[in-house]
Amino acid sequence: SYDRFRNKIWINSDTLSIGDENGFRVFQSSGKQYILYPKRIKALREGTLLVATTTNHFYIVNSKNEINEINTSGLFDSKNLLNFYCKDDVDIFISVIGKGLLQCRLTDNTLVVKKRYNTGNSLKNNFVLSVEMDKQKRMWVATMGGITVIDIEKEVYADAPPVYHLGVKDSLPECGIGYDRLACDEEGNMWYTTLYTVSKFYTDKIVFADR
């Protein structure tokens, strides 16, 4: 994970490490702490880093290199955590195997769920592989059942924002675990990669008509 604040790259190893083209070293906090067995890393703006470990711990590292453990309130086992995405460095979207997507917010170092996205209210499949936000503030969610686009800024009632599904009927390739990834470029276009194909969506030209 690239950290713009530090101009460094964070990497997973037995111990969280940081470095650049000049070399890497094990990260040590200002309090001489280490983070063991990192599984997922997300660098935010202003020097904040989120780290989930294989030993079921969730940490936040601030710009002063201080480590604080986040209380997940038993929401998930980190062994089942697939990935996480942060919207505007405020809300944290966490994909958990079999549970869809959790929209959370940090309150006093405690992870609080604001909303759950799953097959009961929005997703085609609860196996979420990737999440990205386009410039129209729509959330794109790649699942084992295709792509779900959620207009989270235009909710019409609780837990039911406008939702649109893209799949094989829209000429998308079949999904496969570990290969379906989304990325939004600087022009706002959404890229979707699978094992054998790459698709590009011009999000500013897309008009969704059917829910």
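Quick one: which of 168, 163 is open to solvent by less than 50 Å² (accessible area, probe 1.4 Å), modelled with pLDDT of 75 or more, closer than 19 Å to residue 119 by Cβ and among the hydrophobic types (A, V, I, L, M, F, W, C)?
Values: 168 fails: open to solvent by less than 50 Å² (accessible area, probe 1.4 Å).
Result: 163 is the single residue among 168, 163 that is open to solvent by less than 50 Å² (accessible area, probe 1.4 Å), modelled with pLDDT of 75 or more, closer than 19 Å to residue 119 by Cβ and among the hydrophobic types (A, V, I, L, M, F, W, C).
Can we say residue 69 is touching a residue at least 40 places away in the same chain (Cβ under 8 Å) and open to solvent by 30 Å² or more (accessible area, probe 1.4 Å)?
Judged against the criteria, residue 69 is a match.
Open to solvent by 30 Å² or more (accessible area, probe 1.4 Å), modelled with pLDDT under 90, basic (Lys, Arg) and not in a helix (DSSP H, G or I), is that true of residue 32?
no
Of 83, 118, which residue is open to solvent by 40 Å² or more (accessible area, probe 1.4 Å) and at pLDDT 85 or above?
Only one candidate qualifies: 118.
State whether one or more residues within the stretch 101-110 are among the basic types (Lys, Arg), at pLDDT below 90 and more than 17 Å from residue 128 (Cα to Cα).
yes
How many residues are closer than 19 Å to residue 162 by Cβ and either assigned to a loop (DSSP other than H, G, I, E, B) or among the aromatic types (Phe, Trp, Tyr) (or both) when one looks only at the stretch 189-211?
Summing the residues that are closer than 19 Å to residue 162 by Cβ and either assigned to a loop (DSSP other than H, G, I, E, B) or among the aromatic types (Phe, Trp, Tyr) (or both) in the stretch 189-211 gives 7.
Can you tell which of 23, 47 is without any contact (Cβ under 8 Å) to a residue 40 or more places away in the chain and either closer than 30 Å to residue 145 by Cβ or of a type outside the set (Lys, Arg) (or both)?
Among 23, 47, only 23 is without any contact (Cβ under 8 Å) to a residue 40 or more places away in the chain and either closer than 30 Å to residue 145 by Cβ or of a type outside the set (Lys, Arg) (or both).
Could you look through the stretch 35-55, keep only residues that are open to solvent by less than 80 Å² (accessible area, probe 1.4 Å) and not in a strand (DSSP E or B), and pick out the one that is nearest to residue 109 (Cα to Cα)?
Taking the stretch 35-55 first, the residues open to solvent by less than 80 Å² (accessible area, probe 1.4 Å) are 35, 38-44, 47-55.
Filter once more, keeping what is not in a strand (DSSP E or B): 35, 44, 47-48, 54-55.
Numbers: 35: 17, 44: 16, 47: 16, 48: 13, 54: 19, 55: 18 Å.
Checked the stretch 35-55; the qualifying residue nearest to residue 109 (Cα to Cα) is 48.
Looking at the stretch 123-134, I want the residues that are within 12 Å of residue 98 (Cβ to Cβ) and have a partner that is open to solvent by less than 20 Å² (accessible area, probe 1.4 Å) and of a type in the set (Gly, Ala, Ser) with Cβ atoms under 8 Å, at least 6 apart or on another chain. Which pairs are those?
Listed by first residue and then by second, the contacts come to 123/100; 125/146; 126/100; 128/95; 128/100; 128/142.
The values are calculated or read from the model by the stated rules, or taken from the named source; none is laboratory data. Keep in mind the model is a prediction, meaning the values are calculated, not measured. Every residue, glycine among them, receives a Cβ derived from its backbone with ideal geometry; neighbour counts consider all protein chains shown. Accessible surface areas use protein heavy atoms only, side chains included; no ligands, DNA or RNA. Shrake-Rupley method; radii C 1.70, N 1.55, O 1.52, S 1.80 Å.
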